[in-house]
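The values are calculated or read from the model by the stated rules, or taken from the named source; none is laboratory data. All of these numbers come straight from a predicted model, not from anything done at the bench. Virtual Cβ from ideal backbone geometry, glycine too; neighbours counted across all protein chains shown. Each accessible area value is taken on the protein alone, full model and side chains, heavy atoms only, with ligands, DNA and RNA left out. Shrake-Rupley method; radii C 1.70, N 1.55, O 1.52, S 1.80 Å.
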Amino acid sequence: MKILVTGAAGFIGMHVARRLLDRGDEVIGIDNLNDYYDPKLKLARLENLAPYAGFRFTRLDIADAPALAAFFAAEHFDRVVHLAAQAGVRYSLSNPQSYIRSNLVGFANILEGCRHNRVQHLVYASSSSVYGANTRMPFSVHDEVNHPVSLYAATKKSNELMAHSYSHLYGLPTTGLRYFTVYGPWGRPDMSPWLFSSAILEGRPIDIFNHGQMRRDFTFIDDIAEGTVRVLDHVATPNPDFDSGNPDAGSSRAPYRVYNIGNHQPVELMTFIETIEKALGRQAKKNFLPMQAGDVLATYADVADLRRDTGFEPRTPLTDGVASWATWFRQYVSR
């Protein structure tokens with residue numbers, strides 16, 4: 001298949017592209033290579049994909065509607081994995097316009113490209129952040145998610161609503177993936193494993209919010225990539241049992257689905273830090289702080305639907321994933 005991967009120079013994008021290339025797909029990657037974090041890391045990720053004969057890369061901004069429309073029309077993609085977005089909960093507090101441009105305007109442009117070029121299936125990144133103020137655990141795709149606590153989460157919920165409208169109006173199969181706290185080699189510098197590891201190795205204190213009283217469903221990047229590809233192969237279809245009188249939030253009469261991809265094993269934040277300390281062989285200096293705006297106390301993924309429809313669920317133990325992260329991180333920062 002000929003597959004477009006947006007955000008191909010990103011953390012998840014690179015791993016998904018490589019997984020597709022390894023199985024023989026033709027992958028066209030796009031990314032705007034912005035400076036939200038050091039573009040050198042993005043370029044280094046692309047170097048991992050460059051040796052594949054089936055890979056091509058174009059620098060392109062999804063918010064540029066004319067350029068993106070022309071690109072879609074010229075390439076004739078079979079399927080699309082849309083991972084390009086402005087990421088990060090905390091950054092959305094200080095730079096909201098970036099999220100509107102990339103996550104709303106950009107996503108609308110992707111939907112239009114898929115609609116007008118008969119794309120067979122659009123798989124796009126949502127986020128566990130959409131669960132917001134929900135407290136019933138584990139988080140289920142069948143629960144309503146109408147109370148986001150950050151603009152980032154609101155844009156991801158908006159993506160799900162926008163996708164549903166295109167599935168309903170134009171029959172475009174769409175599937176949203178709610179990723180849960182992704183970590184692993186080639187991760188972003190604004191994510192906790194990088195922030196913690198760099199501070200520990202440099203002897204600086206790490207900031208621990210809500211005094212460490214948080215739990216996260218940490219999910220290893222290889223599981224994220226595998227789950228994404230499995231879902232891409234499982235084209236969204238209408239739910240024949242959909243009841244308008246009691247609507248299911250995770251499906252529709254339209255070809256629309258939403259899945260959680262998480263390790264379904266929440267870990268205490270302090271346990272996560274201890275695991276990084278052991279992997280690096282050093283103790284962290286700890287700076288305990290109050291809860292940050294836009295953050296949530298816990299995440300926990302119900303992956304029953306993912307397991308039922310794709311036969312896959314994340315399984316990488318935290319100790320194995322963190323060990324892989326620590327090995328890569330030491331190598332990368334010593335380059």
remark   = A careful count of residues in region 232-286 that are part of a helix (DSSP H, G or I), among the acidic types (Asp, Glu) and over 30 Å from Asp78 (Cα atoms) gives 2
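Do we have Ser192 as open to solvent by less than 10 Å² (accessible area, probe 1.4 Å) and either closer than 20 Å to Trp325 by Cβ or in contact with a Phe, Trp or Tyr (Cβ under 9 Å, 6 or more places away or on another chain) (or both) here?
Numbers: open to solvent by less than 10 Å² (accessible area, probe 1.4 Å): no; either closer than 20 Å to Trp325 by Cβ or in contact with a Phe, Trp or Tyr (Cβ under 9 Å, 6 or more places away or on another chain) (or both): yes.
No; evaluated as a whole, the condition is false for this residue.
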inquiry  = Need pairs with beta-carbon distance below 7 Å; first residue open to solvent by 10 Å² or more (accessible area, probe 1.4 Å) and within region 248-261, second part of a strand (DSSP E or B); sequence gap 6+ or separate chains.
reply    = Tyr256/Thr174; Arg257/Thr175
task = Scan region 121-130 and give yes if some residue there is without any contact (Cβ under 8 Å) to a residue 60 or more places away in the chain, β-branched (Val, Ile, Thr) and surrounded by fewer than 18 Cβ atoms within 10 Å (Cβ to Cβ), otherwise no.
result = no
remark   = Taking first residues from region 161-179 that are polar (S, T, N, Q) and second residues anywhere that are assigned to a helix (DSSP H, G or I), the pairs with Cβ under 6 Å that are 6 or more apart or on different chains are Thr174/Ala163; Thr174/Ser167; Thr175/Val231
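Out of the residues in region 304-325 that are outside any helix (DSSP H, G or I) and of a type in the set (D, E, K, R), state the one that is farthest from Ala236 (Cα to Cα).
At the first step, the residues of region 304-325 found to be outside any helix (DSSP H, G or I) are 311-317.
Adding the requirement that they be of a type in the set (D, E, K, R) leaves 313, 315.
Numbers: Glu313: 18, Arg315: 24 Å.
Here the residue is Arg315.
Okay, residues lined up against (1) closer than 22 Å to Glu226 by Cβ; (2) touching a residue at least 60 places away in the same chain (Cβ under 8 Å); (3) buried (at least 23 other Cβ atoms within 10 Å of the Cβ); (4) of a type outside the set (Gly, Ala, Ser):
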residue	(1), (2), (3), (4)
Val16	yes, yes, yes, yes
Leu20	yes, yes, yes, yes
Val27	yes, no, yes, yes
Asp35	no, no, no, yes
Lys40	no, no, no, yes
query = Which of the residues belonging to region 205-215 are under 20 Å from Met137 (Cβ atoms) and either among the aliphatic types (A, V, I, L, M) or surrounded by 23 or more Cβ atoms within 10 Å (Cβ to Cβ) (or both)?
reply = Met214
inquiry  = Could you check region 262-287 and list, in sequence order, the residues that are open to solvent by 20 Å² or more (accessible area, probe 1.4 Å) and among the small types (Gly, Ala, Ser)?
reply    = Ala279, Gly281
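Give the residue that is farthest from Tyr36 (Cα to Cα), with candidates limited to residues of region 99-108 that are buried (at least 20 other Cβ atoms within 10 Å of the Cβ) and out of contact with any Ser or Thr (no Cβ under 6 Å at 6 or more places or on another chain). Let's see the steps before the verdict.
Kept after step one, since they are buried (at least 20 other Cβ atoms within 10 Å of the Cβ), are these residues of region 99-108: 99, 102-103, 106-107.
Subsequent filtering for residues that are out of contact with any Ser or Thr (no Cβ under 6 Å at 6 or more places or on another chain) retains 102, 106-107.
Working: Ser102: 12, Gly106: 16, Phe107: 18 Å.
For region 99-108, the residue satisfying everything is Phe107.
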ask   = If you scan region 55-98, which residues turn out to be of a type in the set (Phe, Trp, Tyr), open to solvent by less than 50 Å² (accessible area, probe 1.4 Å) and either within 18 Å of Asn117 (Cα to Cα) or under 20 Å from the mean Cα position of the chain (by Cα) (or both)?
value = Phe71, Phe72, Phe77
